[in-house]
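Values in this text are rule-based calculations from the coordinates and carry no lab data. The structure presented is a predicted model; accordingly, all values stated were derived computationally and were not measured. With ideal geometry, Cβ positions are generated from the backbone for all residues, glycine too; neighbour counts draw on all protein chains shown.
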Amino acid sequence: MRDQATSDLPEGGKSRRVYLLLREDISSGQQVEGSVLPSEQRLAQMHNVSRVTVRRALDALARDGLIEKKTGAGSIVRLRTDRPDTITADMATLIPQIVQMGRDTTARLLSFSYGPAPAPVRTALGLEEGARVQTAIRVRSAEGTPFSHLTTHVPETVAAHMSETDLATTPLFELLERSGVIVASARQSVSAALATPDVADALDVSVGAALLSLTRVVQDDQGRGIEYLSALYRPDMFRLDMALSRVDGRNGRHWEPVIGGGTQ
């Protein structure tokens, strides 16, 4: 059985809202494995919708393998015995962990092309108007289960020696180092996104499922932008940790990241 089988969202905006809320409760652990969800009538009251609306949401959860509907027992959160360990990365030591992750997991190349850099990519990498980039889309898996959908843009001048075969078999950071690039720094932002049909199919989740969205811009030792990454992660299989310490500052005590903190 797949960890989360792909399915369409239930029909109707209200059903989709209830579905996504219940799914988040299950994924976050608020509804623990083996527990029984409230009855259809109780859920309808809680969400101010009809029982038909709730039933559609529960049917979608059942198709996703997140609950089991038993006559007389209600909707039971599925016990997960086949889920791979969560992939964890510490924000303070992210770059070496990315390299190690590339060695410990497998990737499948979905597409590979060259073309003009999209405006956000061109700006972030500091490229000139009309500059071309190599764009690759890959899905990375752990123990056969997909957990990340990665779109990378690398300036054509940097990617000249990276073939489609290379990207299908070798982590990008290793390819960059092989070409003589010295990776020096990166900046990134984290937000949330919903799975589009193509991403949902690649990650084995439902269309509209909540995903962790990460954008990262990598620079070399000369300050040149060498990679723009747009990554989408399944939140049930990936976690970002950051160690913080309380320090004194000009405006009083505040939190700062601990550089060099270990992975949890």
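Arrange Asp64, Asp198 by Cβ neighbour counts within 10 Å, fewest through most, would you?
Final ranking by Cβ density, sparse to dense: Asp198, Asp64.
How long is the gain from Arg108 to Gln222 if the chain were fully straight, where each residue apart is worth 0.36 nm and the alpha carbon distance is subtracted?
Roughly 37.9 nm would be gained on extension.
Can you compute the modelled spin-label distance between Ile182 and Arg239, with each label point 7 Å from Cα toward Cβ, in nm?
Going by the 7 Å Cα→Cβ label model, 3.7 nm.
From the phi of every residue in the range 199-204, what ³J(HN,Hα) in whole Hz does the Karplus formula 6.51 cos²θ - 1.76 cosθ + 1.60 yield, where θ is phi - 60° and glycine or proline is x?
3J(HN,Hα) across the range 199-204, in whole Hz: 5, 4, 5, 5, 9, 6.
Can you sort Ile182, Ile76, Ile67, Ile26 so the residue with the fewest Cβ neighbours within 10 Å comes first?
Ranked by crowding around the Cβ, least crowded first: Ile182, Ile76, Ile26, Ile67.
For Glu174 and Glu156, compute 0.36 nm times the residue count separating them, minus their Cα-Cα distance, and round to one decimal in nm.
4.8 nm
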